[in-house]
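Take a look at the structure set out below.
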Amino acid sequence: MPNITLGWMDYSIMLIYVGFVLGIGQALRKYMKSSNDFFMSGRSIPAWVTGLAFISANLGALELVGMAASGAKYGMMTCHFYWIGAILAMTFLAVFMMPFYYGSKARSVPEYLNMRFDGRVRCLNSISFAIMTVFASGISMNALAKLLNSLLGWNYHLSLWICSGVVLLYVLKGGLTSAIYTEVLQFFMIVLGFSPVVYLGLKDVGGWSVLKEKLAGVAQNPASIGVGEKSFQPDAWTGAWSPMIQGASSNPMGVDIFAMVFGLGFVLAFGYWCTNFLVVQRAMAAKDMSAARRTPLIGAIPKMFIPALVILPGMIAAGLAFTGKDGYRLPPKVIAESAYEKIIPAVKNAAATGLTGEAAVQEVAKAAGMKMIPAKVDEIIKAAPTLSDADIKGRVQNAVAENDYDGVILSLVKRYCPPGLLGLALTALLASFMSGMAGNVTAFNTIWTYDLYQAYIGRSKSDAHYMWMGRAATVIGILISIACAYFAAMYNNAMDVIQLVFGFVNAPLFATFLLGMFWKRITATGAFLGLLLGTITSAAFHALTLATGNAPGVKGGYVTVIQSFPSEMAQNFWLASFAFLTCLFLTTAISLVTKQTKTDSELTGLVYSLTPRIKSADEVWYMRPGIQAVALLAVCLVLNIIFF
């Protein structure tokens, strides 16, 4: 993608944003008087702030980029990551699980596991979560540095270190409080930055009705824009549920209703929103139990409508590509510079020997390592004797048939944003990347200090010592994240790896939580072995399955392939279902044959049946979490019906 030149207005917007972020950290520094202030914000933040931070911590640039990519590739069905894959789990967290988290006075999710079970379960979850947070943070910053390098021509290393340094400064000064208030600012920046892109894109394509007509053409001829070979029914890109009615083979995502509802809507959604400390930490920082329970509910309001901001642009891009308006196409995968050492001689050799047709296409495709558009390859070979090497490089890049879906949102930003608006959109991307890193780093420093260092290494130290350790962990977490960014830069599939690990960990962990919170008979030994073996067996499932079109390796089938799935998405949903059910069965079976070491009094406040119900009689009826949860689910149901 050609570099974009920013104007003084664009740079001003970005600098003002960075100044605000650092100012927030500096302003909050004087309030960091104890480790509780640094790690937990002193449990003093109002619900509307924690609610927006709850969503913003999840609304990183990997989601912005990834959801736009999925919108182009899969269409409206991607909305289920919000409507089925978030809202129900968020309301469940608010109504049923926050009373345990907040009421137990646990400072983290692993600490709750220690209270409910024992140190083994806490340690296992702490280590796995700490590793995942720094990897996720590093991958996010690698993506940001690559973005700034490819889009603006900025030096990769300089971009990585400067952006990481900004995050370090405001988290180091203001701790979790700084991260939360900055996330609120970042939420509004993301909305302001991308709303014009959506509006201008929808206007350019002719409105929603025209877009539906174009996407019907995409569904019946996906090969026209390179999103597949198989034809589907006309509403495959514009329906949320109807494409799944006839089964996995009738939609581009390759999933059926059971995999969507159980795999995504139950296992993956509840596993993420109800057990991931990155988001739960925001609710635990609320000023009281009522605010903590309302935090996910407040976050659920914008969450329902975020698809219009992040998924609709991908659908718009698919519609524009179908008609080729103004020469637009979905961004092609970028050919590595080193590959041209083989490509240019291959093109010249084909021209010299008179090689044409399929043989010529295969020769160039082999040199590039990518599928090519036959008609464009023929044109290049015919014109090769009169083309310079630079011209051949440009034309071959344009002849790539494979799409770089992650470049969709950037292609729209470039298409629609003039100076000023461009700076706003890029600042929104910058905000989302930094939000993801800050969220992961604040979760990492809390887990390391409370659940690993204080629990197993430095017991009985002073509060000042733990606060110092938290700041040191922040610096170390940033440095490890930078190292992970350089590691991720060496691999095209690094995000696939981390998403896979999240699937391994979160799905069985939710089974452990579900059983532990609602059945007092579950033992510490059953929870530990069930969680460990559930994770291992889910890895075995991945080793024996593969999505159609993938080669055995990181994406599965590295032992042998005994089951193939229509898409990676389907493979992920079924893997999560398998991991959850395996952990559920093993934890139950082992608990029934092992002794419960916790008494009922020790489990009070940790298990549903032994915990007094929270009374909401003193709250206005419409402020009660249960009432608000029902109202949110009703609105979500209406959205599903409208876009059925």
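At what distance in angstrom do the alpha carbon centres of the stretch 82-114 and the stretch 508-578 lie from each other?
Their Cα centres are 22 Å away from one another.
If the chain between residue 456 and residue 635 were fully stretched, how many nm would it gain, using 0.36 nm times the residue separation less the Cα-Cα distance?
Extra length available between residue 456 and residue 635 comes to 59.8 nm.
Let me spell out the model: positive unit charges on the Cβ of Lys and Arg, negative unit charges on the Cβ of Asp and Glu, origin at the Cα centre of the stretch 337-402. What dipole size does that give, in debye rounded to 20?
Rounded to the nearest 20 debye, it is 40 debye.
If you average the sequence gap of Cα pairs under 8 Å that are 6 or more apart and divide by the length of the stretch 526-600, what percent do you get for the contact order?
Working: 91 pairs, mean separation 30.8, N = 75.
Relative contact order for the stretch 526-600 comes out at 41 percent.
Using a Förster distance of 45 angstrom, determine the FRET efficiency expected from the C-beta separation of residue 532 and residue 223, and round it to 0.05.
0.50
For the chain, what does the relative contact order come out to in percent, with C-alpha contacts under 8 Å and a separation of six or more?
For the chain, the relative contact order is 26 percent.
Whole Å is fine, so just give me how far the alpha carbon centre of the stretch 595-644 lies from that of the stretch 258-272.
Cα centres, the stretch 595-644 to the stretch 258-272: 19 Å.
Using heavy-atom solvent-accessible surface (probe 1.4 Å) with all chains present, what is the largest-first order of 235, 326? List each step's numbers first, then the result.
Details: 235 45, 326 125 Å².
The ranking, largest first, comes out as 326, 235.
Taking just the alpha-carbon atoms of the stretch 378-493, what radius of gyration and Dmax come out, in angstrom?
23.9, 77
Order 395, 122, 415, most accessible first, counting only protein heavy atoms with a 1.4 angstrom probe.
Final ranking, largest accessible area leading: 395, 415, 122.
At q = 0.17, 0.19, 0.23 Å⁻¹, what log₁₀ I(q)/I(0) does a Debye calculation on the Cα points of the stretch 1-98 give, no solvent, two decimals?
Taken in order of the listed q values, log10 I(q)/I(0) reads -1.08, -1.12, -1.22.
With each label point set 7 Å from Cα along the Cα-Cβ vector, what nm distance links residue 560 and residue 288?
Once both label points are built, they end up 6.3 nm from each other.
Going by alpha carbons, how many degrees (0 to 90, nearest 10) lie between the helix axis of 340-353 and the longest principal axis of the chain?
For helix 340-353, the angle is close to 30 degrees.
Counting only other residues whose beta carbon sits under 14 Å from that of residue 519, what net charge do I get with K and R as +1, D and E as -1? Show your work: numbers first, answer last.
On the way: positive: 116, 520, 521, 598; negative: 600.
Taking every other residue near residue 519 into account, the sum is +3.
Note down the relative contact order for the stretch 337-402 as a percent, whole number, built from C-alpha pairs under 8 angstrom at least six residues apart. All intermediate terms of the calculation are to be shown ahead of the outcome.
On the way: 66 pairs, mean separation 24.5, N = 66.
So the answer I get is 37 percent.
Heavy-atom accessible area of residue 548 with all protein chains present, probe 1.4 Å, nearest 10 Å²?
Estimated to the nearest 10 Å², residue 548 gives 100 Å².
Within the accessible area of the stretch 493-612, what % is carbon and sulfur when the probe is 1.4 Å and the other protein chains stay in place?
Numbers: 3510 of 5100 Å².
Here it works out to 69 percent.
Consider a paramagnetic label point 7 Å from the Cα of residue 353 along Cα→Cβ; state which residues of the stretch 398-432 have an amide N under 12 Å from it.
The answer is none.
Run the accessible area of the stretch 337-402 with a 1.4 Å probe and give the carbon-and-sulfur part as a rounded percent.
53 percent
Taking each pair of distinct Cα atoms in the stretch 337-402 once, what is the resulting Kirkwood hydrodynamic radius in Å?
Roughly 11.2 Å, rounded to one decimal.
Hey, could you pull the Cα Rg and Dmax for the stretch 228-297, both in Å?
Using the Cα atoms of the stretch 228-297, the pair Rg, Dmax is 17.9, 54 Å.
Need one number: nm distance between label points at residue 551 and residue 4, each 7 Å from Cα along Cα→Cβ, rounded to one decimal.
Those two pseudo-labels are separated by 3.4 nm.
Can you work out the accessible area per residue across the stretch 220-271, with the rest of the protein chains kept in place, probe 1.4 Å, in square angstrom? Before the final figure, lay out each step's value.
Details: 1880 Å² over 52 residues.
Per-residue accessible area for the stretch 220-271 comes out at 36 Å².
Using only protein heavy atoms and a 1.4 Å probe, report how much of residue 348 is accessible, in Å² to the nearest 10.
About 90 Å², rounded to the nearest 10.
Would you please give the FRET efficiency between residue 415 and residue 20, computed as 1/(1 + (r/R0)^6) with r the Cβ-Cβ distance and R0 = 35 Å, to the nearest 0.05?
Here the calculated transfer efficiency is 0.80.
To the nearest 10 Å², what's residue 484's accessible area with a 1.4 Å probe?
Probe radius 1.4 Å; accessible area of residue 484 about 10 Å².
Read through the labelled values (1) 25.4, 86; (2) 35.6, 123; (3) 23.5, 75 and report the label of the one computed as Rg and Dmax of the Cα atoms in Å from the structure.
Of the labelled values, this structure produces (1).
Rounded to the nearest 5, what % of DSSP beta bridges with both residues in the chain are antiparallel?
If I count the DSSP bridges inside the chain, around 40 percent turn out antiparallel.
What angle, in degrees between 0 and 90 and rounded to the nearest 10, separates the Cα long axis of helix 289-305 from the longest principal axis of the Cα atoms of the chain?
So the inclination is approximately 10 degrees.
State to the nearest 20 debye the size of the charge dipole of the chain about its Cα centre, where the only charges are +1 on K and R beta carbons and -1 on D and E beta carbons.
1400 debye
Using alpha carbons only, how many degrees (0 to 90, rounded to 10) separate the axis of helix 119-152 from the longest principal axis of the chain?
Long axis of 119-152 versus the principal axis of the chain: about 30 degrees.
Just want the answer: with Cβ charges of +1 for Lys and Arg and -1 for Asp and Glu, which residue in 362, 273, 638 is farthest toward the dipole's positive end in the chain?
Final value for the positive-end residue is 273.
Rank 386, 182 by accessible area, highest first, at a 1.4 Å probe radius? Present the calculation step by step, with values, prior to reporting the outcome.
Details: 386 120, 182 0 Å².
Final ranking, largest accessible area leading: 386, 182.
The values are calculated or read from the model by the stated rules, or taken from the named source; none is laboratory data. Nothing here was measured: the structure is a model prediction, and the numbers come from that model. Counting neighbours? That spans all protein chains shown, and the Cβs are built from the backbone with ideal geometry, glycine included. Just so you know, the surface numbers come from the protein's heavy atoms only, side chains and all, with ligands and any DNA or RNA stripped out. Shrake-Rupley method; radii C 1.70, N 1.55, O 1.52, S 1.80 Å.
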